[in-house]
Amino acid sequence: MGLGLDTKTDKEHVRVYHLRKGTFLHRVNIKYPYFKDVVRLVPFTGFLVVLVDNEKGNIMNCTDKKFSRSIKSWGGEMTRDKSLGLGASVQGGLYLLDLRTTNILATFIEPTNEGVFTAKAGFSECESYVWYYHSGRRTVRLFRLSDTSVAANYALSSPALALAPTSWSLLVGAKDGTLTM
């Protein structure tokens, strides 16, 4: 699957390809309530795909070519069993979401107006911790999933370019060439 752009109508669509052959199967026009520009495309389960915009995650069915549902504040990050997700909205804050019921289960960071900065969040490999990077503060915060308490707060020397969880740590590559573990 991938995003495509129709040059005649200037509209985006999801292009679906055969997994083994690589041949083009069909396209799914992107139509859902309160359409915004798609930031990223995340595979969900089998024939479902998540189109993430700035405000919500939109689940689309690629076989029926229909919109399924939206999950407010969801950024596409989820656990391996696809039951829990992380929401980092543009208004600020970090939430733990139940992807089945779309309810907020816990709040890690209360929403505040923090300006125009990049915020990234994700689960650790063991899925017992949540990490949160804020580009304005240049910090990486680590939260326990069990009780939503702060386990660590790291200050970086320069803005991060890449963050990658490993089996027992979080690797952060920064602009000045440093690698923090």
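The modelled label-to-label distance for the pair residue 167/residue 144, using points 7 Å beyond Cα in the direction of Cβ, is 2.4 nm.
Where does the charge balance sit around residue 66 when Lys and Arg score +1, Asp and Glu -1, over other residues with C-beta under 14 Å from its C-beta? Spell out each step's value before the answer.
Working: positive: 27, 31, 65, 69; negative: 64.
Net charge around residue 66: +3.
The Cβ shell under 15 Å around residue 122 holds other residues with a net charge of +3, Lys and Arg each +1, Asp and Glu each -1.
Tell me, what is the percent relative contact order of the chain, built from C-alpha pairs under 8 Å that lie six or more residues apart? All intermediate terms of the calculation are to be shown ahead of the outcome.
Values: 380 pairs, mean separation 15.7, N = 181.
It comes to 9 percent, rounded to a whole number.
Charge dipole (Cα centre; +1 on Lys/Arg Cβ, -1 on Asp/Glu Cβ; no other charges) of the range 1-46 amounts to roughly 180 debye.
When the alpha carbon coordinates of the chain are projected onto the principal axes, the ranges are 47, 38, 34 Å, largest first. Computed from point charges on the beta carbon alone (+1 for Lys and Arg, -1 for Asp and Glu), the dipole magnitude for the range 22-138 about its Cα centre is near 400 Debye.
Given a Förster distance of 30 Å, report the FRET efficiency between residue 107 and residue 158 from their Cβ-Cβ distance, rounded to the nearest 0.05. So the FRET efficiency works out to roughly 0.55.
Here, each number is a calculation from the coordinates, and none is a lab measurement. Please read these numbers as outputs of a predicted model, since none were measured by experiment. Neighbour counts are summed over all protein chains in view; Cβ atoms, including those assigned to glycine, are modelled from backbone coordinates with ideal geometry.
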